[in-house]
1. Counting only DSSP beta bridges with both residues in segment 38-184, tell me the antiparallel percent, nearest 5.
2. In segment 158-202, how many lysine pairs have Cα atoms under 20 Å apart, counting only pairs 8 or more places apart or on different chains?
3. For the chain, what is the calculated [θ] at 222 nm in deg cm²/dmol (nearest 500), taking -39500 (n - 2.57) for each run of four or more DSSP H residues and dividing by its residue count?
4. Thr4's amide H: which non-local residues (gap 5+, or another chain) put their own amide H closer than 5 Å, with H modeled 1.01 Å from N in plane and none for Pro or chain starts?
5. For a protection proxy built on the mean count of beta-carbon atoms within 10 angstrom, sort 104-115, 69-80 highest first, please.
6. Take every Cα pair under 8 Å in the chain that's 6+ residues apart, average their separations, divide by the length, and report that relative contact order as a whole percent.
7. Could you give the dipole magnitude of the chain about its Cα centre, charging the beta-carbon of Lys and Arg +1 and that of Asp and Glu -1, in debye to the nearest 20?
8. Out of residues 5 or more away from Lys57 or on other chains, whose amide H comes under 5 Å of its own, with H placed 1.01 Å from N in the peptide plane?
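A short reminder: the numbers here are calculations on the coordinates, not readings from a lab. No experiment lies behind these values; they were computed from the predicted model shown. Every residue, glycine among them, receives a Cβ derived from its backbone with ideal geometry; neighbour counts consider all protein chains shown.
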Amino acid sequence: MTETVEVVFLGTAASLPQKNRKQSCTTIKFKDYTLIIDMGESAQNLIREYQIKTSNKLFILLTHLHADHTIGLIGFLSSRNLLKINSKVTVIGPPGTRRFFYFMFLSFNFLPKFELEIIETEGEIILNNLDFSIKSFPVKHSSPFNLGYKITFYPSSIATFNPEKAEKKGIPKGVLWKKLQDGFPIEVDGKKILPSEILEPKISKEIQITFSGDTRPCETLVENAREVDLLVCDATYPEECEDRAKEFLHSTIEEAAIVAQKANCKQVVFTHFSEFYTDFESSLEKAKAIFENSSLAEEGKRIILDYTSNL
Ligand SMILES: [Zn+2]
Ligand SMILES: [Zn+2]
């Protein structure tokens, strides 16, 4: 079976929401997990609009605690109570996240009716189960702690048919081969042959996705985006606003393309766009001259990564 990792961009604006762009929020679906990276103001509306399933194993990853990445949390969690969704929620965020939740719950007089785990991290492997691992790393932005995340999804083993083994066992080509390929035992000359005797597990490559969070281009980002399948990168400003990017500790689209080029990742998607963009197409063209496999995030954009395309 081929497992896929599905990324959906929900909110792709910088701090100020725009007509067609809302504050930061991206989701990843993998097996029975949903990961949400940041929850800006419209997060729960977008989650409902794009029918993102959140009743399964849910992880919320916060890159930092600026309002445009967190203000949607309370609405989303309150609705969870109303909808009586009881499954556990794991929140991962920088130091200060527990305090943030404490005051948020206190101010809204809110008590979650579901299990809530909060993990604070400054930059290390936080979780590594059989299905995926999450690593946080520090980046350069203007809140006290700013993180990027590198998420590695582990493959299932994909069984492949070994024709040499089948011929050696004297299994005639055709229907019986097909049966084994489909996972059913067969009989040849009264002898039972199990699929496991002919099929071989073929382990495919992992899928890796890195989120830059809000940041200036920095070495830790390049390191953690090295050869990943997908880099989602801060490109708050168009190329001509480098001074502003330096002042507010964000990246221009050209700087983000240089990060992708240095990291030699497979593809980069730019996001967190400010209102300073006047012509997205020409900005993208300039970025593509630096790193070809570049694209712009937009609300509802889906990227599906699968293991077999990685072999
Ligand atoms: Zn932001
Ligand atoms: Zn920020």
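1. Working: 10 of 19 bridges.
Of the beta bridges lying entirely in segment 38-184, close to 55 percent run antiparallel.
2. 22
3. Numbers: 11 runs with 84 residues, N = 311.
After summing the helix terms and dividing by the residues of the chain, the value is -7000 deg cm²/dmol.
4. Sorted by chain and number, the residues that satisfy this are Lys31.
5. Working: 104-115: 11.6, 69-80: 20.1.
Output ranking for 104-115, 69-80: 69-80, 104-115.
6. Values: 704 pairs, mean separation 54.9, N = 311.
Over the chain, the number comes to 18 percent.
7. Numbers: 37 positive and 42 negative charges, 269 e Å.
Its charge dipole is roughly 1300 debye.
8. Here Thr34 satisfy the definition.
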